[in-house]
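Undergrad: Sending over a structure as structure tokens; questions will come in a sec.
Every number here is computed from the coordinates shown, using simple stated rules; none is lab data. All of these numbers come straight from a predicted model, not from anything done at the bench. Don't worry about glycine lacking a Cβ; one is built from the backbone with ideal geometry, like all the others, and counts go over all protein chains shown.
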Amino acid sequence: MELAAPELVLALAVILVGAMVRGFTGFGASLIWVSGLTFVMDPDEAVPVIFCLEVLVSAQLLPAARAQVDWLVVRRLLVGVVVGMPLGASLLLLAEPDPMRIVVSVAVLVSALALGFGLTIPIGSGRRATIATGVASGALNGAVATGGPPVIVFFLGSATGMSVSRASLIAFFGVTDIIGIGIVAVTGLLDGTALLRVLVFTPVMLLGAAVGARGFGGATESTVRRGALLVLGLLAVAGIITAL
């Protein structure tokens with residue numbers, strides 16, 4: 001593991017908190033995990049661990065949420081992601097990543113505040129709008145590894161209920177993280193050390209996700225929505241601070 005006892009305790013605490021947020025809202029774990037784990041390991045060590053944990057937590061949460069997933073919307077989003085990722089990778093060659101992260105984070109923060117005050121964001125929920133959201137997500141993922149916010153704002157800004165939004169986000173991120181595992185495996189980052197860390201972190205992750213999911217089951221629609229918007233706003237602030 002190559003982690004001293006204090007580092008291991010910090011890593012487990014980060015895993016627990018991120019999993020609880022993921023279980024409750026359907027998103028948010030990755031940025032919490034990458035922000036916390038990079039205090040005790042290099043980013044190239046943390047990313048493959050996070051991809052694996054994300055797939056495992058999706059596998060844990062999806063059976064109970066599967067019936068509520070809007071699979072048509074998820075498929076359209078994924079089509080857009082496939083189209084957008086090469087565009088994002090090309091954009092990365094033309095622009096500095098940190099300024100792009102700041103722009104994205106500011107846009108997400110403004111969106112979270114607008115939604116929190118009851119304003120609507122005219123994204124639309126038709127086929128073209130959904131695929132376009134997927135393209136934006138894929139482009140940001142390819143450019144700055146921050147593909148989640150457009151999809152999260154898309155669901156939170158739509159008329160879709162939180163149960164369907166949460167379930168669809170679980171499914172969407174599960175598929176995109178499987179793709180991520182394939183990428184890190186091809187690059188050689190998914191080594192024995194990463195897999196050992198996944199093995200150690202998984203019980204705590206499963207516990208946190210179960211606690212978060214139980215909280216979701218006992219919460220009202222408005223409470224879950226407020227919690228999701230709060231998490232989205234905090235992630236945007238964290239993204240701005242990290243880029244600066």
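Matching residues to (1) more than 17 Å from the chain's Cα centre (by Cα); (2) touching a residue at least 40 places away in the same chain (Cβ under 8 Å); (3) on the phi > 0 side of the Ramachandran plot:
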position: 197; (1), (2), (3): yes, yes, no
position: 204; (1), (2), (3): yes, yes, no
position: 209; (1), (2), (3): no, yes, no
position: 212; (1), (2), (3): no, yes, no
position: 217; (1), (2), (3): yes, no, no
position: 236; (1), (2), (3): no, yes, no
position: 239; (1), (2), (3): no, yes, no
position: 242; (1), (2), (3): no, yes, no
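Undergrad: Select, from 159, 171, 209, 194, the only residue that is over 26 Å from residue 105 (Cβ atoms) and hydrophobic (A, V, I, L, M, F, W, C).
TA: Details: 159 fails: over 26 Å from residue 105 (Cβ atoms); 171 fails: over 26 Å from residue 105 (Cβ atoms); 209 fails: over 26 Å from residue 105 (Cβ atoms).
None of the others qualify; the one that does is 194.
Undergrad: Here's something else I'd like to know. Would you be able to tell me the number of residues in region 186-195 that are surrounded by 14 or more Cβ atoms within 10 Å (Cβ to Cβ) and free of Cβ contacts under 8 Å to residues at least 60 places away in the same chain?
TA: Counting residues in region 186-195 that are surrounded by 14 or more Cβ atoms within 10 Å (Cβ to Cβ) and free of Cβ contacts under 8 Å to residues at least 60 places away in the same chain gives 0.
Undergrad: I'm checking my understanding of the structure. Among residues of region 10-54 that are out of contact with any helix residue (DSSP H, G or I) (no Cβ under 6 Å at 6 or more places or on another chain), among the acidic types (Asp, Glu) and assigned to a helix (DSSP H, G or I), which one is farthest from residue 211 (Cα to Cα)?
TA: 44
Undergrad: Moving on. Has region 30-37 got any residue that is among the aromatic types (Phe, Trp, Tyr), crowded, with 18+ Cβ neighbours inside 10 Å and in contact with a Phe, Trp or Tyr (Cβ under 6 Å, 6 or more places away or on another chain)? Lay out the reasoning, then the answer.
TA: As a first pass, look at region 30-37 and keep what is among the aromatic types (Phe, Trp, Tyr): 33.
Filter again for crowded, with 18+ Cβ neighbours inside 10 Å, leaving 33.
Filter once more, so that each one left must be in contact with a Phe, Trp or Tyr (Cβ under 6 Å, 6 or more places away or on another chain): none.
For region 30-37, residues among the aromatic types (Phe, Trp, Tyr), crowded, with 18+ Cβ neighbours inside 10 Å and in contact with a Phe, Trp or Tyr (Cβ under 6 Å, 6 or more places away or on another chain): absent.
Undergrad: Same structure again: From the list 72, 77, 62, pick out the single residue that is closer than 24 Å to residue 228 by Cβ and crowded, with 24+ Cβ neighbours inside 10 Å.
TA: So the residue among 72, 77, 62 that is closer than 24 Å to residue 228 by Cβ and crowded, with 24+ Cβ neighbours inside 10 Å is 77.
Undergrad: Report every pair of residues separated by at least 6 positions or lying on different chains whose Cβ atoms are under 7 Å apart, first residue within region 26-42 and on the phi > 0 side of the Ramachandran plot, second of a type in the set (D, E, K, R) and assigned to a helix (DSSP H, G or I).
TA: 26/166; 28/22
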